[in-house]
Structure formats: C-alpha cells, structure tokens
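Notes follow the structure.
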Amino acid sequence: MLAERFPHTATFFTRTPALQGASPDVVRAEIRQYFIDTFDRYEQLFEVLSCDESYYKKPISLRHPLIFYFGHTATFFINKLLLAHLVSQRINARFESIFAVGVDEMSWDDLNDAHYDWPSVAEVKAYRDAVRKTVLEVIDTAALSLPIDWQNPWWAVIMGIEHERIHLETSSVLMRQHALAFVKPHAAWQPCRESGLAPLNQLIPVAAGDVVLGKAFNDPIYGWDNEYGQHRASVASFEAAQYLVSNQEFLAFVEAGGYQEDRFWSEEGLNWRRYSRAEHPTFWLRHPTATGMTWQLRLMAEVVDMPWDWPVEVNYLEAKAFCQWQSEQLGRSVRLPTEDEWQRLYSVSGATEVCRTRAADSNRHLDHYASSCPVTQFRQGDFYDVTGNVWQWTETPTYPFDGFDVHPIYDDFTTPTFDERHNLLMGGSWISCGNETRRSARYAFRRHFFQHAGFRYVVSETPMTQTAAYYETDKQLSEYAEFHYGDEYFGVPNFPKALAQIALAATQGKPRRSALDLGCATGRATFELAREFDQVTGIDFSARFIGLGVQLAEQGVTRYTLPDEGELVSYKTRQLSDLGLDAIRNKVSFSQGDACNLKPQHSGYDLILAANLIDRLYDPALFLSHVHERLQLGGVLMLTSPYTWLADHTPREAWVGGFKKDGESFTTLDGLHALLGKHFRLMQPAQDVPFVIRETRRKHQHTLAEVTLWERIA
C-alpha cells in the first residue's frame, strides 16, 4: 500500500536510528541511508511548488519565502559540521550567511526584504547537491566510535538530519498557506480520500497517576536539548475527549458565533482575532453553490469538500476559545490538557513508539497519508489519535526540565522559546517523522502559529500548575546577565560600561551615527553606546545571549537566578531604568550573526566594538582582514581581549599571537599590527581594563583585558 502511494520507495520512510550498536560499520550504513532518504524526501516536497515564483512569494508575512527554507536545511549541515570539526571549510559563505537564521518569528529576526538578494532556485539546488556530496563524504570517511552521544562529533550529523525532518513539516505548512496557484498535486504527496460522518465525542475517565519525564544523556535515540533532564509530577484524575475535535464538532462553535463573542477569547486571542479578522479556521473555505454556501478544506496542494470527520486544525488561541465555549455549554471546566496530562493519557491508552518494521499505529511518519484522516481510524485503547493525525495543543508553555543543558553547537534550539509565549504541542501529525514522533518530543510554537495542529479537550476541576521559565536558570547566561547588569565586585567597575566610556571618549568630535557591538553577549555595551550614538546594533553568535538583550529592549527588565552554594540560588531582577538606560531602548537592535561571516547590510559604522571576541573566533585573521570594510573612513575599531588562546575555540594555526615566531616572542598585539596596519593606525597605547565574573557567592574570576583603539585610515 505504501509503495503504491509513494513509488519512490518500497519500504517505510527511514526511522531515526539507534546510536549505540555493536558495529560502527552497521551504524555508519544506517546513518548514510537515513541522510539520503531525508535529503531526497525534503527535495521531493519542494516539487509541490508549481513554478520558480512560488519560491519567492511569501506564503505569510511573518516568515521568509520558501527559497529560504530550501537552502536553510543544507546550510544547517555545513554550519554544524564546521562547529563539530567534521569539515574544515565552507561551501558558499554567502549562502551560509543568508540561509542561516530567521526561521521562527522571533523579535530579533530581520525580515526586511531589502536585506535579502535571494539566489535562483537552480543555484540553491546546485548548492544542495554540493552539500549532499560533502555530508556523504563525512559519513563515509570520518572516524566513528560508538556510542554517538552529545560529546561525539557525529551528533552534528544526526542533528542535521533531524533538523531537516522538522522542516519537512514546517515547509509543508507554509505550502498549505501558499496561494493555490503556487502549488500543484504530486503523486508522492497524495492525501487521504476517506471521509464520512463525524462521531459524537464523549468524555472518558483517566485515572490519577504519576508521570516521569526526561531522557538520560546516554539514551540511544537522538533527542533535542529540552527532552533531557528530569521531571516528575502526580496527575490528578481527569476526563478526556475520546476523539480529537473534528471539523463537525468545531462547526457548532462557528455557527454559534464563537468567533464574534469576545467572552470566549483571552486578551491575546482577541488581539489575534481582530488583527487576522478570523471568522473560522484558517484552512476552511466558504464555497458558493447553486443551493447556497458550503464549506471546503484547503490541503497542502488542493481544495476538497469538507471532510467533517477529520480533525479541525486551528491555533492555540482558537482551541482555547472553543474550550471556553464548551465550558459554557456543559457547565463544567473544559480546557486543553497540560503536558503532564497528555503524558498520562499516553500511558493509559497503550500508545506505542513508531515501529521499525511495520506501519505506525497512528497517522504519522508518512506511513499512511499525506494529510489528516478521519478521527475514527486509529484507535489506541479507549481513545483515538493519542498520537498522530494532527499535533495537539496543550496548556503548557514550554520550560526546561531539571538538569536541562544546551548543546554547544546548537544553543538556540529551545532557549528562545522559554518566554511563556510558546506552548507545547504533543503527539505529532501525519508528516511528523524521526524525533518528532517520539513520546519524548517537546516541540513548542507561538500560540497564534499554525501547524498541522488541532486539539483534544479535557474536563478537570483540578487547578493547572505551570512550571514557569520566568527566571533564567541557564548558568552561563545568568553569569553574563550579572556580569553586564548586576553588582560590581571587589571595587572593579562594570566592564561593558567601562568599555563604552572608553569608546565614547575615543569618538569625541567624530560622527556618532551608528555603532556595532560585535560579540555583544547580553548587550550592556550596546545600550551604553546608545547614550551617544544614534543607533547601535548588537550582534552575537548565541541567540541565548541576544535573547536577553531583546527582552531588555522590549520590556526593560530581566530576571535570573545566581548560584550561591550547592543548590542554593539568589533571584535577581534588573531593570534598565535603574541603570539610566530606559530612555534609549528604541536606539538599539539585536541580531544573531557570525563575526567571520557577517551579512552585507552590517556595514557603514562609525564605531565597531569587538569585546573579548578575537580569541574566541575560529578564524580571527579573516575577521581582522576584512573588518575595515564595515567601517567608515575615520571610524574607530575597538578591540579588547585577555588573549586566552585555546585550541578548543581557535585552531592553533589560526592564532593571531601568543607564540614564538622566528625564535622570538610574537604577541597578539604584534599580530594586530601586522593584520590591521594597512587600513588602521593605533590611536593610543594599549591599556588594561579589569573585569570580574561571578561564578558563585564565593568564587569569582578576575581578568585583565587589553584594549586597543584603531582608526581607519584607508
């Protein structure tokens, strides 16, 4: 049956492999096939687009056009393999800049079309071919020792494959939101053709029980960072709908005027509804007939008569409004399940993971259809579609489990979503593959976003408990929050503020139109420079760091915990108003970027501050040789560094100084003169500026950074 629908393959779409095996050769072969199948299937999805114009017209205003997503997953492989030292050079630096970031609708995304000169479809396809060749060469030749875990460089290979499987789904949603003229039916992406009468939903009791969540770091199956750690909860008894809410069941809410009754909508939901002018689910279409209006449903590449027994697909805000309406109808407390309640439902239903040798027990992993299907088709215990068909919204904003950590080569997969504005979806959809199908998967989206997502409601009189991610608990991020915005220690002045004061003194009498704080971390110097500069941009490689700067720019406040001793922590709240910086919030902006591969629009500055950056770059000479191109003539480059050269950050052969040359000591300052001398003059003698980083209440790092100021002369 599968081979008939998908003639390109006679087997099930490859499952995520086990990363602990007796033979590296067997695991290598499995990963090779996993990569090829994923890369091929992703490109096959883009065959749904009807013409080249389809790649460049945005399906929705808040996301990039599809040409970005066609290139993005390939770029991801190269960027991560570089960080894992499995490849040593880029394939196309320009592509690996423009296709690198900008996926989620985050406040620091730069979606100004003027900043993107998108390449042709043929150019991106040729780039993907080159990436395919490079990744296969890595898989075929790189040394492999088992198990493949977080510390193993091969983790980056699996990460790239799983990442592309995520975008197999998210790109299909964008195609579904595209104008119908830009897509076309495809033999390998055939939807379900079955529909009938919708069932009458009923509530089924779920007994109280405990849930224990969190993957161990030695788990043999790949996971994303938010799956690891520990979480335990006791779940009170509740009742859950037997079926996902169908189009038919949701129609009653629409016909009752649910989209017009403000009392059913949260404040956030009201704002979205008024902005979008929504009157019904976004994939529903009214169709005139000879006898009146009827409903149709937009699928990925076609429109069909409304299948009333399929699950309705809505965002969280619509699902929440339905629950409020249903509460009024039933006179009981109806809501969406929490993550813990969904996990409890999974346990009692007898749902299972996707099998490697037979079709999944639900509509997922592309084992059955390229669309949703009737909510009565896949039974799991007393319930239907506990997994699969569509993702299921929960009441739970995503948060870190105890023991959460970020992977060093992808530190912004989850942490930007710890903002109480991204809610977890559970269970996967028909196109969810690989990690997305796992019970442990924890994907979260903004509440107004659309995925292939619907919902199941529960009835419970037990108040919901939410684990807040309100206080930042990431150790490194909290340390930098304190380093930038917190107390001074041992009489040492605040380091970013001191640097900004030196920079402002050096630019006295010069133009102060725009400044770049490169390697801005959490952004204190960005704000301090904005006291005198008209506009300041902060750029850092870490989205975790710039996320805190964005939060301060938007809200003027940040909260975080600081370790005191053992498990004891202090809770800190810092406000820009207390630092005299609140009035200049509109003069700063933040962006994620690579100092060695900046986007073209980052140029024309009067000042560039690169604080404690050069000895953390993978190619500092590349940065220093081209930084003049980003500055105006007469502009100032300010470099600071303690010159702690480490091979972990910078290959030994790429160090700027700190070694013997021709038998004599060659300092980093010597190297700076050699690299910058053609375009800059040293404005004044180098000076040392101290800084202190608090690790715990009784442990601090005291360091001296050398500061040099360079004026561009050519």
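Taken together, the values in this text are just the output of simple stated rules run on the coordinates, not laboratory data. Here the structure is a predicted model, which means the values were calculated and not measured. All Cβ positions, glycine included, derive from the backbone under ideal geometry; neighbour counts span all protein chains shown.
Describe numerically, in nm with one decimal, the distance between label points set 7 Å from Cα along Cα→Cβ at residue 291 and at residue 203.
3.6 nm
Could you check the simple spin-label distance between residue 133 and residue 333, using points 7 Å along Cα→Cβ, in nm with one decimal?
Rounded to a tenth, the inter-label distance reads 6.3 nm.
Kindly state, to the nearest 0.05, the FRET efficiency for residue 353 paired with residue 664, given R0 = 60 Å and r defined as their beta-carbon distance.
Approximately 0.45, to the nearest 0.05.
Give me the lysines in straight-line cross-link reach of residue 184: C-alpha distance below 29 Å, same-chain residues under 8 apart excluded.
57, 58, 125
For each of 237, 347, 145, 171, count neighbouring Cβ atoms within 10 Å of the residue's Cβ, then give the residues from fewest to most.
The fewest-first ordering by Cβ neighbours comes to 145, 237, 347, 171.
At most 11 other Cβ atoms within 10 Å and a DSSP loop assignment: could you name the trypsin sites (Lys or Arg not before Pro) in the stretch 268-357 that fit?
Of the trypsin sites (Lys or Arg not before Pro), the ones in loops of the stretch 268-357 whose Cβ has at most 11 other Cβ atoms within 10 Å are 277, 356.
Would you please state the base-10 log of I(q)/I(0) at q = 0.13, 0.27, 0.28 1/Å for the stretch 36-103, with intensities from the Debye formula using one equal scatterer on every alpha carbon?
The Cα Debye sum returns log10 ratios of -0.42, -1.21, -1.24.
Nearest 20 debye, what's the magnitude of the dipole of the stretch 475-712 about its Cα centre given +1 on Lys and Arg Cβ and -1 on Asp and Glu Cβ?
Details: 26 positive and 29 negative charges, 83 e Å.
Here the size comes out at about 400 debye.
For the stretch 191-220, list residues with backbone N below 20 Å from a point placed 7 Å from the Cα of residue 402 toward its Cβ?
Flagged as within label range: 209-219.
Along the Cα-to-C-beta direction of residue 573, a point sits 7 Å from the Cα; which residues of the stretch 483-505 have their amide N less than 20 Å from that point?
From the stretch 483-505, the list is 483-488.
As I understand it, the dipole of the stretch 2-182 uses +1 on the Cβ of Lys and Arg and -1 on the Cβ of Asp and Glu, about the Cα centre. Which of 59, 13, 171 lies farthest toward its positive end?
Of 59, 13, 171, it is 13.
Let me know the shape class of the stretch 536-670, please: from the alpha-carbon gyration tensor, a ≥ b ≥ c as square roots of the eigenvalues, rounded when a/c is under 1.5, otherwise prolate if a/b is greater than b/c, or oblate.
In terms of gyration-tensor shape, oblate.
log10 I(q)/I(0), Debye, Cα-only the chain, no solvent, q = 0.11 Å⁻¹?
Treating every Cα as an identical point scatterer, log10 I(q)/I(0) equals -1.25.
Which of the trypsin sites (Lys or Arg not before Pro) found in the stretch 167-245 are loop residues per DSSP with 10 or fewer other Cβ atoms within 10 Å of their Cβ? If you can, show how the numbers build up before the last one.
Numbers: sites: 176, 193, 215, 232; in loops: 193.
In loop regions of the stretch 167-245 (DSSP not H, G, I, E or B), the sparsely surrounded trypsin sites (Lys or Arg not before Pro) are 193.
Taking neighbour counts of Cβ atoms within 10 Å as a proxy for exposure, in what order, fewest first, do 689, 157, 550 appear?
Arranged by neighbour count, lowest to highest, 689, 157, 550 become 689, 550, 157.
Going toward the positive end of the dipole of the chain, with +1 on Lys and Arg Cβ and -1 on Asp and Glu Cβ, which of 203, 577, 707 do you reach last?
Of the options given, the answer is 707.
Fewest to most neighbouring Cβ within 10 Å: what's the order for 204, 148?
204, 148
How much length, in nm to one decimal, is gained on full extension between residue 177 and residue 714, taken as 0.36 nm per residue of separation minus their Cα-Cα distance?
188.3 nm
Is the C-alpha gyration tensor of the stretch 475-712 telling us rounded, prolate or oblate? Criteria: a/c under 1.5 is rounded; beyond that, a/b larger than b/c is prolate, otherwise oblate.
Since a/c reaches 1.5 but b/c is at least a/b, the shape of the stretch 475-712 is classed as oblate.
Pull out a ≥ b ≥ c, the square roots of the eigenvalues of the alpha-carbon gyration tensor of the stretch 563-612, then state rounded if a/c is under 1.5, prolate if not and a/b is larger than b/c, and oblate in the remaining case.
oblate
Report the FRET efficiency, 1/(1 + (r/R0)^6), for residue 687 and residue 150, where r is their Cβ-Cβ distance and R0 is 41 Å, rounded to 0.05.
Once the sixth-power term is evaluated, E becomes 0.50.
Full-extension gain between residue 212 and residue 649, please, as 0.36 nm times their residue separation minus the C-alpha to C-alpha distance.
153.6 nm
What distance in nm lies between label points placed 7 Å from Cα along the C-beta direction at residue 90 and residue 475?
3.3 nm
If you average the alpha carbon positions of the stretch 112-154 and of the stretch 36-62, how far apart do those two centres end up, in angstrom?
Measuring centre to centre over Cα atoms gives 18 Å.
What fraction of the DSSP beta bridges in the stretch 520-621 is antiparallel, stated in percent and rounded to the nearest 5?
60 percent
List the residues whose amide H sits under 5 Å from the amide H of residue 492, counting only those 5 or more places along or on another chain, with H placed 1.01 Å from N in the peptide plane.
Those qualifying (amide H under 5 Å, at least 5 residues apart or on another chain) number zero.
What are the ³J(HN,Hα) values, in whole Hz, obtained from phi via the Karplus relation 6.51 cos²θ - 1.76 cosθ + 1.60 with θ = phi - 60°, for each residue of the stretch 395-402 in sequence order, with x given for Gly and Pro?
Karplus-based 3J(HN,Hα) across the stretch 395-402 equals 7, 8, x, 5, 8, x, 5, 4 Hz.
For a quick check of your reading of the filter: which GluC sites (Glu not before Pro) in the stretch 491-599 sit in a DSSP loop and have no more than 15 other Cβ atoms within 10 Å?
When the GluC sites (Glu not before Pro) of the stretch 491-599 are filtered for loop state and at most 15 Cβ neighbours within 10 Å, 567 remain.
Report the Cys residues of the chain lacking a disulfide-compatible partner, meaning no second Cys Cβ under 4.7 Å from their Cβ.
51, 323, 355, 433, 520, 596
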